[in-house]
Every structure is written in structure tokens, then in C-alpha cells.
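First the structure, in the form of C-alpha cells, and then the observations on it.
The values are calculated or read from the model by the stated rules, or taken from the named source; none is laboratory data. Source: prediction; values computed, not measured. Glycine also receives a Cβ, built like all others from the backbone with ideal geometry; neighbour counts cover every protein chain displayed. Ligands, DNA and RNA are stripped out before the accessible areas are found, and what is left, the full protein with its side chains, is counted by its heavy atoms. Shrake-Rupley method; radii C 1.70, N 1.55, O 1.52, S 1.80 Å.
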Amino acid sequence: MSPVIATTPFSVLDRSRVRAGHDGPQALRDTVALAVEAERLGYHRFWVAEHHSVPGVAGSAPAVLAAAVASATRTIRVGTGGVMLPNHQPLVVAEQFGVLEALFPGRIDMGLGRSVGFTDGIRRALGRGRQDADDFAGQLAELLGYFDGSQRVHPQVHARPAEGLTVPAFVLATGRGAAVAAEAGLPLVIADVRGEDAMLRAIDDYRAAFRPSAQAERPYIVVSGTVAVAGTTEEARRILLPEAWSTAYARTHGAFPALIPPDEVLSRAMTDRERGLYEEALRGPVYGTEEEVTDALEKVIGRSGADEFLVTTSTYDRAALLDSYRRLARITGSVPGDRA
């Protein structure tokens with residue numbers, strides 16, 4: 001096993017993607033089943049996501065889904081990647097995670113993002129606007145204050161049972177959020193959605209600006225990305241086709257559709273713009289045989305100095321997805337020791 005990979009915890013984020021011919025409830029059950037398998041394979045964390053009114057994503061209530069995952073597992077850490085804080089009142093988020101930590105002590109993570117609903121209609125339904133993302137730092141400080149009893153935005157208001165409990169907080173960021181994570185002294189979760197160079201610059205800025213806190217004494221970086229492992233390079237690439245097509249469709253039609261089988265993707269006609277976005281989506285992930293993926297992950301972790309890697313793979317074929325995670329577990333192993 002690679003020494004770089006052997007000392008890096010690997011975790012899983014599942015977005016509860018809906019598959020064509022299957023409904024949203026099945027996608028949620030698939031997420032819970034994947035969490036059970038991830039625990040058996042020795043992954044460090046299992047996180048779920050928040051999306052609202054998205055046809056191809058069933059995960060709309062991450063705290064509720066995290067409770068189901070925690071109930072079905074015993075040792076793996078469980079959390080969110082993430083709760084979009086501007087969509088919610090910090091008090092409610094604190095109460096939700098306080099309940100989770102009370103029920104599953106020592107296993108709950110609180111991953112937090114600064115996005116707000118994707119469309120005007122969703123934002124109106126949530127009672128939020130674009131401007132609500134602008135005070136992410138203030139919302140974050142209020143939320144954390146409910147746990148340690150220091151919040152003063154609403155005097156004499158206490159989050160029960162959160163106050164006095166410790167729930168590790170993480171900030172999900174692509175750019176500006178990295179500065180918020182550094183100022184708050186929190187671990188950073190970041191992906192190369194704007195290209196690897198931009199991600200590496202954000203990581204450098206985060207390290208330089210990091211202020212130690214009660215949550216973290218030093219910078220802690222979780223790099224997230226899609227990883228697909230199979231017996232051949234082509235088989236691994238096939239795992240990526242449904243999500244790549246869905247991404248291209250979303251960027252040209254405004255909505256994420258359900259995932260379709262790889263053969264259907266290959267038979268679909270695409271406009272030049274769709275084809276370009278589809279090919280672009282296939283360039284970002286790490287994929288290939290176990291040897292190829294080992295080499296690629298060594299380079300990503302080495303360049304970024306990541307403390308942890310969060311795998312975010314989605315596909316239509318559940319058997320292929322599970323096989324990919326099993327093969328990746330053979331590469332990474334179960335990593336004991338010092339973790340955030």
C-alpha cells in the first residue's frame with residue numbers, strides 16, 4: 001500500500017441520487033445500505049447532502065437522513081456534506097445536531113455550506129434570498145455559540161440539548177468559504193470544481209490565514225472528489241458516464257435529471273455544448289484500475305497536502321458502485337490513528 005494513502009483517512013459522501021426507473025425513497029434506502037457497506041469496509045466517515053426541489057436528488061433533509069444512517073451503523077462517523085446554513089436558522093441546526101449527538105455520542109459531524117436554494121422559487125419557499133449567503137460567517141458563529149453557550153445574537157436563548165455537547169464542524173467551500181473556515185479555525189472541505197490550481201490556491205490561503213480554535217488547533221483539509229475503480233480503465237470510466245451526462249444536462253436545461261444507464265448515455269444525441277460539458281465532467285474524476293487510481297490519488301494528496309479524502313461518486317449501476325468502493329478500500333485500507 002502507498003505510504004501516502006496508508007496515512008490518509010478516506011470517507012464517503014453520498015448525495016442520494018435518483019436512478020431512472022427507481023423512485024426517491026429507493027435512493028434514500030440505497031444511501032443507508034451504502035453506509036452499512038462503507039462501515040464494513042473501514043471508511044472513516046459517511047456524509048449525506050442537502051438539495052431542495054431537485055428531480056434527481058432525494059436527499060433534502062440531511063439531519064433526518066443522518067439519523068437513519070447512524071441508526072443502521074455502529075462505528076463509522078456520520079454527518080452532513082453539508083447542511084446549507086443560509087437555508088436555516090442556526091438555532092434549529094444546533095438543535096438538530098444536538099439531538100443527533102445525544103443519540104449517537106461521539107459519532108456525529110456537522111458539515112456546513114454557504115449555498116442557498118438554487119432557484120428563485122426554491123429560495124422563496126425556504127423564506128430565503130441570495131443575500132442570506134453573505135452573512136455565512138455570522139451564521140456560523142451563532143451556530144457554534146449555541147454549543148458552547150457563547151452566542152449573544154439572541155440573549156437568553158439556549159439550544160437544547162446541544163449546549164455543552166461537542167460536534168465537530170467542517171466548512172464546505174469552493175472559494176470565499178475557505179476564508180471563513182480559516183477565520184473560525186475549522187476544518188476545510190474543498191473540491192476542484194473550479195480547477196485544481198484554484199483549489200490549491202484556496203488551500204494555501206486557508207493555511208496561511210488559519211486561526212487555531214477550540215475546534216481545531218491546526219489547519220485540517222478534506223479534499224473531496226469522484227473516484228471510480230474497476231477491473232479495467234474503460235469499466236471505471238463507464239461508472240462515471242451517468243453523472244457526467246446528468247451534469248451536462250443540468251447545465252444546459254437547469255435541472256438535474258435521474259441517472260440513466262451508461263449504454264443509454266452512449267446512445268444519446270448531444271448538442272455541441274452538451275458534448276463539451278459532458279467531456280469536461282469526465283476529465284475531473286480519478287478513475288481506472290487499482291494501480292492507476294493509487295497513482296492518481298498519491299498525486300492529488302501530495303499536491304494538496306490533504307489530511308483526508310472524501311469520495312463523492314454517484315452512478316446508475318449500484319453493483320458497479322459497490323465494487324468500486326470495495327476496490328478503493330483495498331487500496332486505502334482502514335486507517336486508525338489521529339483524525340479530526
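The table below lists the values:
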| item | result |
| --- | --- |
| Residue within region 281-303 that is in a helix (DSSP H, G or I), touching a Leu at 6+ places or on another chain (Cβ under 7 Å) and open to solvent by 40 Å² or more (accessible area, probe 1.4 Å) present | yes |
| Subset tally (residues that are under 27 Å from PHE256 (Cα atoms) and in a helix (DSSP H, G or I)) for region 313-327 | 8 |
| Test for ARG107: is it charged (D, E, K, R) and within 17 Å of the chain's Cα centre (by Cα) | yes |
| Contacts under 6 angstrom Cβ, first residue in region 67-94 being open to solvent by less than 10 Å² (accessible area, probe 1.4 Å), partner at pLDDT 95 or above and among the polar types (S, T, N, Q), 6 or more apart | LEU85/GLN139; PRO90/GLN139 |
| Qualifying residue in region 20-36 (condition: closer than 28 Å to VAL300 by Cα and basic (Lys, Arg)) | no |
| Number of positions in region 307-320 that are more than 15 Å from the chain's Cα centre (by Cα) and either open to solvent by less than 30 Å² (accessible area, probe 1.4 Å) or without any contact (Cβ under 8 Å) to a residue 24 or more places away in the chain (or both) | 3 |
| Any hit, region 119-127, residues being surrounded by fewer than 22 Cβ atoms within 10 Å (Cβ to Cβ), within 27 Å of VAL153 (Cβ to Cβ), among the acidic types (Asp, Glu) and more than 18 Å from the chain's Cα centre (by Cα) | no |
| Qualifying helices (runs of 4 or more DSSP H) (wholly inside region 162-279; at least 1 residues being without any contact (Cβ under 8 Å) to a residue 40 or more places away in the chain, β-branched (Val, Ile, Thr) and open to solvent by less than 10 Å² (accessible area, probe 1.4 Å)) | 262-267 |
